[in-house]
Structure formats: C-alpha cells, structure tokens
Amino acid sequence: MIKAEHLNKTYQIGELSLEVIKDLSLKIEDGEFVSIIGPSGSGKSTVLNMLGCLDKPTSGEITIDDTKIDEMNRTQLAHFRGVNIGFIFQSFNLIPVLSVYENIEYPLIMIQNLPEDERKKRVLSLLKEVDMLEQKDKFPDQISGGQKQRVAIARALVTNPKIVFADEPTANLDSKTAHRIIDLMQKIKSEHNTTFIFATHDERIVSSVERLITLVDGEIVKDERTTK
Ligand code: ADP
Ligand code: MG
C-alpha cells in the first residue's frame, strides 16, 4: 500500500515561492489500476515523482508498505526503488549508448542477481510483448518516438516491480499499440497484483482504470471509483 500524508511541494524560483502541491493525502492499495488526471500544470508529474521516490516533498510523509521513504538513505532508497518500483518517464530517459536490448536489460543488471539466461528470457519476452524484437540491436536515436516509448515501458516492467508509475505512457502511441500496451499492463496487474499509477489525459487509459483521481492546482478535487 502507498500512503501519502499531507504532502506539500514548493518550488523556489528566485524570490518566488511556487506552491505546486497543497496538503495532498491519499492511499492506494496493492493491485489498484489508477490514473491521476487534471489539466496541464496541475501537479500530476510532481505527485508521481514524489510517490515514485524520485523527488522529495517539501513537507509531508510517504509510506510504501511499511517503509517510510524519508527515513531511508540514498543507497537504501536506490535499492528499494530498484526492487519495488518501475517508472515510465514522459521523456523516456533511455540511455543513448545502450541498444534497445541493453536498455531493457539494464535494470536487471543493476539491481538483481539474476543468472544471465533468466535475464535474457525476460528481456526477450518483453521485447516481444511491446513488439520491438526486430529493433533490439538499434540505438535510441535510430528509432521513433513511439518505439522509444515501448522500450521505456518494457524497461519499467522487466524487473516485475510491485508498483509501476507511468507518466503519459501512451502519448506517442497509435491506437492499436496503445490498446496492446494497456492490455499488457492489465494482464500483469491481474497475474502479479501489480499496482499501476498513471498520470495522463489519454482517454484510452482513463476508460480502462478503476479509479480516477482529479488534480486541480495541486489539490485533489475528485477521487472516484469507475464502474466497469
Ligand atoms: P502536470 O504534470 O500536471 O502538467 P507538473 O507536476 O509537471 O504538472 O507541474 C506542476 C507545476 O509545477 C507547474 O506549474 C510547473 O511549471 C511547476 N514545476 C514543475 N517542476 C518544476 C521545477 N523543477 N521548478 C519549478 N517549477 C516546476
Ligand atoms: Mg506532467
């Protein structure tokens, strides 16, 4: 379970204090399929980054399972993230000098002591799921935006994380691919009880999730279960 209590985030820009997240509290249970929606600039990415342990709130507390995030040091946090969290970035963040295959393999090498043949099995299986097998030896600057997005998705899923955060993960995908990716995520959720937390405007995701959290000006204005 993810628990956020009274989160505030303020950016300091010179003399100016920009209060981006205001007293935000929420709970997300294991296996939820949730999207944070709201206008551009409402704070969706900021919330995702804080819950995903990439950014710290100015004040407030985040607990994941029984772990208080702000009580961990950098090394502990890096390990915790590596084992528990997959993050799909809006801007992909692929490593330019690694091939498609190596980008997906990277989190497995960094974090887990998996034997090489098991690593290979997982990477190939995800390459297939995101339909990138034929591009596996290409480098990020040789593939399209939609293909980069698919690599970023595979990289986030390859460790079988407990929680996947996805910032606009389908923004660059055509309808067919987007639906395929959403189906894949739903399948992973039902097989492993993985939690998925999206930040998106994409109607294709919005219509697939079980819960919608609406953010306006850094505050939750609506939190609803959708009937499906
Ligand atoms: P969303 O993802 O909903 O579009 P963001 O979380 O990216 O919103 O941004 C929320 C607000 O915080 C925006 O006004 C944005 O300009 C501001 N913001 C985000 N990151 C920073 C930063 N590093 N420094 C200053 N302001 C920021
Ligand atoms: Mg954003």
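Summary of packing: across the peptides 53-61, 167-175, 98-106, the per-residue average of other C-beta atoms within 10 Å ranks them, highest first, as 98-106, 167-175, 53-61. The ranking of S91, S125 by Cβ neighbour count inside 10 Å, starting from the fewest, reads S91, S125. Here segment 48-99 is treated with +1 on each Lys and Arg Cβ and -1 on each Asp and Glu Cβ, and its dipole about the Cα centre works out to around 220 debye. Working from the Cα coordinates of segment 160-228, the gyration tensor eigenvalues give, after taking √(5λ), semi-axes of 20, 15, 12 Å in decreasing order.
Relative contact order for the chain: 29 percent, from Cα pairs under 8 Å spaced at least 6 residues apart, divided by residue count.
With the simple model of a label 7 Å out from the Cα in the direction of the Cβ, N160 to K138 spans 3.0 nm.
Taking all Cα pairs closer than 8 Å and separated by 6 or more residues, the relative contact order of segment 9-98 comes to 18 percent.
Normalising the average separation of contacting C-alpha pairs (under 8 angstrom, six or more residues apart) by the number of residues puts the relative contact order of segment 69-143 at 39 percent.
Along each principal axis, taking the top coordinate minus the bottom one, the Cα set of the chain gives 47, 39, 37 Å in descending order. Among F198, F139, the ranking by other beta carbons within 10 Å of each residue's beta carbon, starting with the fewest, stands as F139, F198. Helical runs (DSSP H, four residues minimum) scored at -39500 (n - 2.57) apiece and divided by the length of the chain put the mean residue ellipticity at 222 nm at -10500 deg cm²/dmol.
Each reported figure results from applying straightforward, stated rules to the coordinates on display, with no laboratory input. On a predicted model such as this, the values are computed, not experimentally measured, just so you know. For neighbour counting, all protein chains shown are included, and Cβ atoms are generated from backbone atoms with ideal geometry for every residue, glycine included.
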